Each structure stands twice: as C-alpha cells, then as structure tokens.
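The values are calculated or read from the model by the stated rules, or taken from the named source; none is laboratory data. Just so it is clear, the structure is predicted and the values come from calculations on it, not from any experiment. Cβ atoms come from the backbone with ideal geometry, glycine included; neighbour counts cover every protein chain shown. The area values use the complete protein model at the heavy-atom level, side chains included, leaving out ligands, DNA and RNA. Shrake-Rupley method; radii C 1.70, N 1.55, O 1.52, S 1.80 Å.
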Amino acid sequence: MEVLECLLSGKCVEGSLRYDAVTGKIMFRAYNRESRKPGYERPKDKLLASLEHGWLKESPKCIKYYCALKKSIGVPRIVTAMEREMRIATGHLVDREIVDRV
C-alpha cells in the first residue's frame with residue numbers, strides 16, 4: 001500500500017520485478033532504503049586534515065583523500081606535489097591511529 005501511495009502522489013519507487021512461478025504473476029518488491037525514509041540525514045564527513053591542495057576526510061565507511069592541482073604547472077611538479085601531499089596525509093592517519101590506541 002505504501003508503494004501505491006507513493007506512486008499516486010507522483011513519486012518514483014525503486015525496486016525489483018520478478019516472476020513468481022507458483023502464482024504465475026509478476027511481483028514487485030520495493031527497496032527499503034534508509035535514505036528514502038522521512039527524517040533521514042546523511043552523516044557528514046569529518047575533516048581529518050586540511051592539506052595545501054586538498055583535504056583528508058573520514059566518513060562512516062571510508063577515508064577520503066582529495067588533491068587538485070592545475071595541469072599548467074607541468075607533470076614533474078604535479079607528481080612531486082602529489083607525493084608530498086600523500087606523505088602529509090599518511091602522517092596524519094598514522095598520528096591519529098597512535099593517539100587512538102594509547
């Protein structure tokens with residue numbers, strides 16, 4: 001009934017269709033997504049480190065690393081800057097792990 005109400009109000013419903021061999025009918029099963037429930041708010045990413053050309057963040061499932069450099073500075077300088085940023089980000093993660101374990 002909830003699916004029918006959503007469809008009648010003009011909303012889209014994600015789900016899967018399958019053929020039921022016993023009844024000979026096509027069955028629809030709506031996906032039960034947390035993000036579609038009322039009042040759901042996606043958890044914000046926690047900033048671990050602000051880097052020179054990007055950031056290092058933590059989400060509930062991932063560690064996210066972002067680095068953006070202009071192509072006009074050339075490949076050798078880009079590679080050097082990316083390696084430097086990665087060393088700094090790695091250092092922040094290692095320091096955080098040491099502090100958490102103590």
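Looking only at segment 18-51, filter to residues that are more than 23 Å from the chain's Cα centre (by Cα) and in contact (Cβ under 8 Å) with a residue 12 or more places away in the chain; which one of those is farthest from ARG77 (Cα to Cα)? It would help to see each step written out before you state the result.
Here is the first cut: in segment 18-51, the ones more than 23 Å from the chain's Cα centre (by Cα) are 18-29.
Restricting the remaining residues to those that are in contact (Cβ under 8 Å) with a residue 12 or more places away in the chain gives 28-29.
Numbers: PHE28: 55, ARG29: 53 Å.
Filtering segment 18-51 for residues that are more than 23 Å from the chain's Cα centre (by Cα) and in contact (Cβ under 8 Å) with a residue 12 or more places away in the chain, the one farthest from ARG77 (Cα to Cα) comes out as PHE28.
I'd like the full set of residues that are closer than 24 Å to LEU47 by Cβ and surrounded by 11 or more Cβ atoms within 10 Å (Cβ to Cβ), limited to segment 63-77.
ILE63, LYS64, TYR65, TYR66, CYS67, LEU69
Under 8 Å between Cβ atoms, which residue pairs at least 6 apart in sequence (or on different chains) link something in segment 90-102 that is within 17 Å of SER50 (Cα to Cα) with a partner that is of a type outside the set (Ser, Thr, Tyr) and surrounded by 10 or more Cβ atoms within 10 Å (Cβ to Cβ)?
That search, which allows pairs on different chains as well, returns HIS92/LEU48; HIS92/ALA49; HIS92/LEU56; LEU93/LEU48; LEU93/LEU56; LEU93/ILE63; ARG96/LEU48.
Just checking, does segment 45-65 include any residue being of a type in the set (Gly, Ala, Ser) and in a helix (DSSP H, G or I)? Spell out the reasoning first.
If we filter segment 45-65 for residues that are of a type in the set (Gly, Ala, Ser), which is where we start, we get 49-50, 54, 59.
From what is left, the residues that are in a helix (DSSP H, G or I) are none.
No, there is no match, as no residue in segment 45-65 is of a type in the set (Gly, Ala, Ser) and in a helix (DSSP H, G or I).
Anything in segment 24-50 that is open to solvent by 80 Å² or more (accessible area, probe 1.4 Å), of a type in the set (Ser, Thr, Tyr) and farther than 16 Å from LEU7 by Cα? List them, or say none.
TYR40, SER50
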